[in-house]
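Contents: one structure, followed by commentary.
The values are calculated or read from the model by the stated rules, or taken from the named source; none is laboratory data. Bear in mind the structure is a predicted one, so any value in this text is a computation, not a measurement. A quick note on method: Cβ atoms are made from the backbone with ideal geometry, for glycine too, and the neighbour counts reach across all protein chains shown. In case anyone asks, the SASA skips ligands and DNA or RNA and just uses the protein heavy atoms, side chains included. Shrake-Rupley method; radii C 1.70, N 1.55, O 1.52, S 1.80 Å.
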Amino acid sequence: MVGSPWSHEVLKAQGVNVVFRMRSSAPKGDHLASVARESFYVKALRNVDFQVLEGESVSLVGGSGSGKSTLAKVFLGFLRPKEGSVAYLGNDIYRLKGRRMREFRINVQPIFQDPYNSLNPARKISHSVQLGLFLHEMSKEQKEERVARTLEMVGLTPVDLFLDKYPHQLSGGQRQRAAIARAFIGQPKVIIADEPVSMLDASVRADILNLILKMKQSKNTTFLYITHDLATARYLTERMAVMEQGEIVELGKTEDIIESPAHEYTMRLMNAVPDIWHHGSRAPDRPVVPPRFGVDSDGEKDETSGYVDLGNGHYVKRG
Amino acid sequence: MLLTGTFVAALLIDFTLPRLMPGNPVQTEVTNLIAAGFTLSPEAIKGMYALYGYNPNLPIYVQFYDYIVQLLHGNLGVSYIFFPQSVSYLIAQRLPWTIFLVSIAVAVSWIPGTFIGMFAAGKRNAKFDSIFTPLLNFISSIPNFWLGFLFLIFFAADLKIFPLFGAYSNTVTPGANLAFILSVLHHAILPILSLAIVAMGGYVIHMRNTMVGVMGDDFVLVARAKGLSNRRIVRTYAGANALLPNITMLAISMGAVFGGNILVETIFTYPGIGYLSAVAVSGEDYSLILGIFLIFTIAILVANLMADLLYAWLDPRVSLI
Amino acid sequence: MGGTAMALLYSFRSVMAVFWRNKKSLVGLIIVITFVLIAVLAPYESPYNPTGFSTGPAWQPPSLAHPMGTDYVGHDLWSQFVWGARISLEVGFLAGAMVQILGNTLGILSGYIGGKVDDGLMRIVDIFLTLPTLPLIILLIVFLPFHGPLVVTLVIVITSWAGHTRNMRAQSYSYRERDFILAAKASGYGSLRISFSEIFPNILSLAMAGMMYSIVAAIGAEAALDFLGLASGNTVSWGTMLYWAQSEGAIINGTWWWIVPPGLALALIGFGLVMMNYAFDELFNPRLRVL
């Protein structure tokens, strides 16, 4: 589970544990002093090791509740893990200060899932997009010019028409374009996109995915893609990590995992999605017993981490 | 937790404020009483100092300790205008009247107000709304003591069908006799109406707004889809759910009801603690003012506690520790 | 604060158009403007000194010379009424604005920052909400060694900031994990900027509604204090008019003209301010805005 020594690790999580304290539902806005509320704990991330290498496109794949979005939040500096370390270019994200913090904020940008939620409904598009240049030292005119140029790049033209619009006046696809513009405008090193197309109409998904692809390729942006959808993960990324219940259960080249999934959960994920290989029909059910894994002698065991190395950077969690 | 915090805050306020006053309030009162012709023995003066633990020569925490000890003995000090009666005696005499007024006023405004609000939410057409909403807002904007003023000038002074002041006529003997009870009711009707009419406006608006919110909830839509009648949905489904926030609202409104009661009792010269506090204010009776504030706080805490119990009884999700 | 400016600079004509469409709020606006004009123009409208030596025969019903009649010593009640409007509106609007500033700042920041600061502040808010407001105001006015309308205003603010703070906090709290707030955070916005540039514009209409209610409450509290004889200095107000009316026997004498105007004015101004709320949602909610 160590990144190739010649690659530069941009983001690195080590032994990350995140625990959520959940409160059982209680009446809203109660003023009651004496109401007992039970709380329980949910482990959202369990001992996760993961790194994002410079210039690569990597996906985190898993169902809902798998912890993939939590890991994204941890990498974005929004959620301090209970245990473990998270580093940006070797520095702990949650201890960044001053210039280093500024660098991190400029260089790691999110794209969110819900386009109806990722732009401030009370602010104009020009404001929301220009937000991405907040920490950049530029004149007002330079920023405005950059906003116009970026809106053009994401296809929100004529630019003048969109600058003064409010989010509710845009379609879902247009909003996501604006959100993409906000994320890319400051030319960040890393983009973390959490299900950027899952809430869009099927008709615009491909356009948005292609837009993201185009934007990241033009600047060689490092790309962390969070999705439940193996098909788009395969389309956008060359490396993949599969998560289940807060753990990474399989890690490797996207092609290797999709061609020969080694973990039972990965196979279930593949069976769950409409077939991406055979047009128009569901994939034939794959055997639930892993073909290569499960027999000890087949792979090298790493007793300490609980992962089995299948070669070529393909790891799978011991069942 | 909240109730304890509020009580402690009230104690601290009562303890601190007299100590912020310039000069020595106890000395001022003693001087004034002697000037008014009272003969105060040195013991009496010493006693007045002991009350509230007021003694500038002692460290503040000792004073606070003394103050708490006095309170635990039910000692709220001696009134200055009703000298030598004690504050706790005066309050104990007047409190039943206020509880009588306020509890009836709350009952006759909250219960119908909630029902009117509930059914007004079911009736949502523009014409009804354009008269109903402004009317309710106007009613709840009326100062209740002014309403009492109008009632007095019209029903008492002009038509002479209600008495001008007091809690019962001086021709009846207090006790469990019919004449007394009728006299009490006769005297209470106008004050209660002044309090209740204005408060009801607020309860109707609140219940209606809550209902409109609840009626958009999924479970109501499901009930509608099942073909249940509008009336039944309003009564059983939405109504029961909108009732809970309205109980919270009831508890919160108790503060306003007690506050408004000060003014209404003053207008009607009604012998409750509201009027007593107006008298205390105009007579600069500091111990009485402090004692009354504490009693008002306790009354509101009790009202909150009762609302909590009601809430827990109605809401299966809430359990009391 | 671009969002606020944007909302405030929203052109006069479209503001009027919104009020015109919302008849309820139009009525409210007209009432409030009428009272503001009465208050502002007090020196030009009042022919007599409201509190000076008696200016006419006592106990006069309304007439041409005295549109609201005279009191027990012959003071012109119309003059008292227009000067009284000043005190009510001054205290009301000032206290309303102060509660607004305090409640917005504390509430939005507390809700956004969350954690222990938020927990602590909300404890204090809950205590202030539970304490009986009017008795506390009376207590403070009696014991504080300062007097005058400004002290009354400050005391009202101290005793009534909690409600608005709690509402704003609840709103702000519901926004803190929203994606666009996280996006602003990822762009390097700090807590203050997020609170006021990103969250505040979204809850502007609620903040305005809160302000209206704060003003109404403050006007009511001021009138109550004056009615109890805790007059804010040597002034006339609607509350002192009712105080004198009660203590000088207006009820027995049946002088309704002494009692009706100040109380009706209090009811109407409160009604007008609350009715104006119906326009605010449309004015300050970007989704409803017509461009």
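Each label point is 7 Å from the Cα along the Cα-to-Cβ direction; what then is the distance between the points at C:ILE30 and B:GLN85, in nm?
With each label placed 7 Å out from Cα toward Cβ, I get 5.2 nm.
Taking the protein assembly as shown as the region of interest, what is the percent of Cα-Cα pairs per 10 angstrom bin, listed from the shortest bin to the one with the maximum distance?
For the protein assembly as shown, the pair-distance distribution reads 2, 10, 16, 19, 17, 13, 10, 7, 4, 2, 0, 0.
Ranked from the most accessible area to the least, with a 1.4 Å probe and all protein chains present, what is the order of C:TRP244, B:TRP313, C:TRP257?
Result, largest first: B:TRP313, C:TRP244, C:TRP257.
Averaged over its residues, how many other protein chain Cβ atoms are within 10 Å of peptide B:293-303's Cβ atoms?
That average works out to 3.
Measuring with a 1.4 Å probe in the full set of protein chains, what accessible area per residue, in whole Å², belongs to the stretch B:87-314?
Accessible area per residue: 42 Å².
What's the tally of Lys pairs in the stretch A:140-255 whose alpha-carbon atoms lie under 21 angstrom apart, where the two lysines are 8 or more places apart or on different chains?
The number of close lysine pairs in the stretch A:140-255 is 9.
Which ³J(HN,Hα) values, rounded to whole Hz and listed in residue order, are derived for the stretch A:180-186 from phi using the Karplus coefficients 6.51, -1.76 and 1.60 in 6.51 cos²θ - 1.76 cosθ + 1.60 with θ = phi - 60°, glycine and proline given as x?
5, 4, 4, 5, 8, 4, x
Going highest first, how would you order C:192-199, C:58-65, A:48-55 by mean Cβ packing within 10 Å?
C:192-199, A:48-55, C:58-65
Would you tell me the mean number of C-beta atoms belonging to other protein chains that fall within 10 Å of each C-beta in B:252-264, as a whole number?
If you average over the peptide's residues, the count of other-chain Cβ atoms is 4.
Kindly state, to the nearest 0.05, the FRET efficiency for A:ARG318 paired with A:MET199, given R0 = 22 Å and r defined as their beta-carbon distance.
That pair, A:ARG318 with A:MET199, gives E of 0.05.
List every residue whose amide H lies under 5 Å from the amide H of A:THR237, counting only residues 5 or more places away in sequence or on a different chain, with H placed 1.01 Å from N in the peptide plane.
none
Dipole of the protein assembly as shown, Cα-centred, from +1 at each Lys and Arg C-beta and -1 at each Asp and Glu C-beta, to the nearest 20 debye?
1520
Which of the DSSP-defined H helices in chain C satisfy a minimum axial length of 20 Å, computed from C-alpha atoms, and a minimum mean Kyte-Doolittle hydropathy of -1.0?
Result, helices passing both filters: C:23-40, C:77-113, C:115-130, C:149-175, C:204-227, C:256-284.
What FRET efficiency comes out for A:GLU103 versus B:LEU221 if R0 is 51 angstrom and r is the Cβ-Cβ distance? Round to the nearest 0.05.
Using R0 = 51 Å, I get an efficiency of 0.50.
Which one of B:ALA105, B:THR210, B:GLY175 has its Cα pushed farthest toward the positive end of the charge dipole of the stretch B:87-314, where Lys and Arg give +1 and Asp and Glu give -1 at the Cβ?
My answer, from the dipole projection, is B:THR210.
How much area per residue is accessible in chain C when the probe is 1.4 Å and only protein heavy atoms are counted (Å²)?
Value for chain C: 40 Å² per residue.
What does the buried accessible surface come to for B and C, summed over both chains, with the probe at 1.4 Å? Round to 100 Å².
Its buried surface, counting both partners, is about 3800 Å².
Non-local amide H neighbours of A:HIS228 (under 5 Å, H modeled in plane, Pro and chain starts lacking H): which ones?
The answer is A:GLY62.
May I have the convex hull volume per residue, in Å³, for the Cα set of chain C?
Hull volume normalised by residue count: 146 Å³.
Could you sort the residues of the stretch C:238-278 by number and keep only those whose accessible area is reduced by 50 Å² or more in the all-protein-chain setting relative to the chain alone, 1.4 Å probe?
Output list: C:GLN246, C:ILE251, C:ILE259, C:ALA267, C:PHE271.
Answer with one residue from B:ALA240, B:LEU185, B:THR297: the one whose Cα lies farthest towards the positive end of the charge dipole of chain B, charges on Cβ with Lys, Arg +1 and Asp, Glu -1.
About the Cα centre, the residue reaching furthest to the positive side is B:ALA240.
Cα centroid distance between the stretch C:107-161 and the stretch A:96-138, in Å?
Measuring centre to centre over Cα atoms gives 37 Å.
Mind putting together the pair-distance distribution for chain B? All Cα pairs, 10 Å bins, whole percent per bin, short to long.
All Cα pairs considered, the percentages come to 5, 21, 25, 22, 16, 7, 3, 1, 0.
Which ³J(HN,Hα) values, rounded to whole Hz and listed in residue order, are derived for the stretch A:142-159 from phi using the Karplus coefficients 6.51, -1.76 and 1.60 in 6.51 cos²θ - 1.76 cosθ + 1.60 with θ = phi - 60°, glycine and proline given as x?
4, 5, 4, 5, 5, 4, 4, 5, 5, 4, 5, 4, 8, x, 8, 10, x, 4
By DSSP, what percent of the beta bridges with both residues in the protein assembly as shown are antiparallel, rounded to the nearest 5?
The antiparallel proportion sits near 65 percent.
Could you sort C:128-135, B:175-182 so that the peptide with the highest average Cβ count within 10 Å comes first and the rest follow in order?
Listed from highest to lowest mean packing, they are C:128-135, B:175-182.
So who's got an amide H within less than 5 Å of the one on A:LEU53, skipping anything under 5 residues away but keeping other chains? H placed 1.01 Å off N, in plane.
Long-range HN contacts for A:LEU53: A:VAL10.
Work out the mean other chain Cβ neighbour count within 10 Å for the residues of C:124-130 and drop it here as an integer.
The shielding value for this peptide is 6.
Taking only complete DSSP H runs, can you tell me which helices of chain B stretch 24 Å or more along their own long axis by Cα positions and average at least -0.5 on the Kyte-Doolittle scale?
Qualifying helices: B:2-20, B:87-122, B:178-215, B:239-268, B:286-314.
Go ahead and set up a Gaussian network model of chain C, Cα springs under 10 Å, then flag whichever of C:GLY249, C:GLY220, C:GLY111 fluctuates most.
Answer for the Gaussian network model of chain C: C:GLY249.
In debye to the nearest 20, how big a dipole does the stretch A:225-264 give about its Cα centre with +1 on each Lys and Arg Cβ and -1 on each Asp and Glu Cβ?
180
If Rh is defined by the Kirkwood formula over all Cα pairs and Rg also comes from Cα, what ratio Rg/Rh do you get for the stretch B:173-317?
We get a ratio of 1.12 for the stretch B:173-317.
Residue separation times 0.36 nm, minus the C-alpha to C-alpha distance between B:LEU164 and B:TRP313: what's the value?
Contour length minus the Cα-Cα distance gives 49.5 nm.
Nearest 100 Å² is fine: what is the total accessible surface buried where chains B and A meet, probe 1.4 Å?
Counting both chains, the buried surface is close to 1000 Å².
So what is the 222 nm mean residue ellipticity for the protein assembly as shown from helices alone, if each DSSP H run of at least 4 adds -39500 (n - 2.57) and you divide by all residues, rounding to the nearest 500 deg cm²/dmol?
Calculated at 222 nm, the ellipticity per residue is -18500 deg cm²/dmol.
Take the solvent-accessible surface of the protein heavy atoms, probe 1.4 Å, and return the percent of it on the protein assembly as shown that carbon and sulfur atoms account for.
Here carbon and sulfur together make up 61 percent of the probe-accessible area.
Which of the residues in the stretch B:1-20 lose at least 30 Å² of accessible area when you go from the chain alone to all protein chains together (probe 1.4 Å)?
Those are B:MET1, B:LEU2, B:THR6, B:ILE13, B:LEU17, which lose 30 Å² or more relative to the chain on its own.
Roughly how large is the A-C contact in terms of buried accessible area, totalled over both chains, probe 1.4 Å, nearest 100 Å²?
Rounded to the nearest hundred, the buried surface is 2400 Å².
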